[in-house]
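Down below is the structure, laid out as structure tokens.
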Amino acid sequence: TDDDLSHMTEAVALGRKIYDNLKKAIQYIVSIHIPIILIVTLPLLLAWKYTDIFSPVHVIFLELIMGPTCSIIYENEPMEPGTMLRPPRQMTSTFLSLRQLLISIIQGLGITAGCLGIGYYYMHNGEDIDFVRTAIFITLLFSNIFLTLINRSFRYSIFTTIRYKNALVPLIIGITLLLVAAILYVPFIKTLFRMDDISYTNIAICILAAAVSTFWIELVKLFRS
């Protein structure tokens, strides 16, 4: 009933934004679930000294964080520059190309390597299982934060996407950091999650491991630009 064709352009733009944001959410989900699965299974398969790294309470907590991240943050992402300059998508193309899926899998494996690497380091330095669990959990949580920020675009650097207007990004990340602090420093919650005391230096090491595990994709973006 509306013969103003300018609205057709707006509809295409909105459709492309929704499509892109849905892909970002799916790629994020693929990437972040890989380390959760492998952190539980690999210590068992590799016959580590410590195998009981995560319990159901850890997995439930991670799911509570990841749900709002992918459904709220990515849903409210603005349309990226150049979106309307792309040619129409081929009707025969798949939702996620093999390259996009491969990138998500590599991201997940990178986070897994960072988390288990830091855990293996502390385990072989004589730390007990609670300390190893704490280090792995902190590394995974910060990897999740970094992944959230990095996957806001697979074309533009984080230094560009950090300027995107999405008020929910600092809100969700702020809540995540508060929950991390509660797990580490509130006695009841700390006991529930079976966490150990950890120094600020070791927290910094965990954050560095998380950064190394996730920010490699920024180099990929740089060479693709």
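The values are calculated or read from the model by the stated rules, or taken from the named source; none is laboratory data. Only a predicted model underlies this, so the values are computations on that prediction, with no experimental measurement involved. Ideal geometry is used to build each Cβ from the backbone, glycine not excepted, and the neighbour counts take in all protein chains shown. In case anyone asks, the SASA skips ligands and DNA or RNA and just uses the protein heavy atoms, side chains included. Shrake-Rupley method; radii C 1.70, N 1.55, O 1.52, S 1.80 Å.
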* Normalising by the residue count of the stretch 74-225, find the relative contact order in percent from Cα pairs under 8 Å and 6+ residues apart. => 36 percent
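Stretch Phe223-Arg89 to full length: gain in nm at 0.36 nm per residue minus the Cα-Cα span? Let's see the in-between values first.
Working: separation 134, 0.36 × 134 = 48.24 nm, distance 2.39 nm.
Net length gain for the segment: 45.9 nm.
Quick one: length gained pulling Leu96 to Glu75 fully straight, 0.36 nm per residue minus the C-alpha distance? It would help to have the intermediate numbers written out before the result.
On the way: separation 21, 0.36 × 21 = 7.56 nm, distance 1.75 nm.
Separation in residues times 0.36 nm, less the Cα-Cα distance, equals 5.8 nm.
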* Okay, helix-only estimate at 222 nm for the chain: each DSSP H run of n ≥ 4 adds -39500 (n - 2.57), divide by all residues, round to 500 deg cm²/dmol; what do you get? -> -23000 deg cm²/dmol
* To do: Pick out, in residue order, every one of the trypsin sites (Lys or Arg not before Pro) in the stretch 37-127 that is DSSP loop and has at most 14 other C-beta atoms within 10 Å; say none if there are none.
  => Lys49, Arg89
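Tell me the chymotrypsin sites (Phe, Trp or Tyr not before Pro) within the stretch 57-141 that lie in a loop according to DSSP and have at most 13 other beta-carbon atoms within 10 Å. The partial results should precede the final answer.
Details: sites: Phe61, Tyr74, Phe95, Tyr120, Tyr121, Tyr122, Phe131, Phe137; in loops: Phe95.
Listed in order of number, the matching sites are Phe95.
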* Structure fact -> Carbon/sulfur accessible area of the stretch 57-98, % of total, 1.4 Å probe, equals 70 percent
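Roughly to the nearest percent, how much of the accessible area of the stretch 107-170 is carbon and sulfur, given a 1.4 Å probe?
On the way: 1530 of 2390 Å².
Here it works out to 64 percent.
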* Asked: Between Thr9 and Arg163, how many nm apart are label points set 7 Å from Cα along the C-beta direction?
  -> 2.4 nm
* Structure fact -> Using alpha-carbon positions, the gyration tensor of the stretch 1-117 gives root eigenvalues a ≥ b ≥ c; with a/c under 1.5 called rounded, otherwise prolate if a/b exceeds b/c, else oblate, the class is prolate
* Asked: Quick one: accessible area per residue over the stretch 18-149, 1.4 Å probe, rounded to a whole number of Å²?
  -> 46 Å²
* Percent breakdown of C-alpha pair distances by 10 Å bin, ordered from the shortest bin, for the stretch 30-188 -> 9, 34, 33, 17, 6, 1
* Low-density loop cleavage sites - trypsin sites (Lys or Arg not before Pro) in the stretch 134-192, where at most 11 other Cβ are within 10 Å (DSSP) -> Arg163, Lys165
* Which lysines have a Cα less than 30 Å from the Cα of Lys49, not counting those fewer than 8 places away in the same chain? -> Lys190
* To do: With only alpha-carbon atoms counted, please give the Rg and Dmax of the stretch 96-225, in Å.
  => 16.1, 49
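Please report, in debye to the nearest 20, how large the charge dipole of the chain is about its Cα centre when each Lys and Arg carries +1 at its beta carbon and each Asp and Glu carries -1 there.
Working: 17 positive and 16 negative charges, 115 e Å.
Roughly 560 debye, rounded to the nearest 20.
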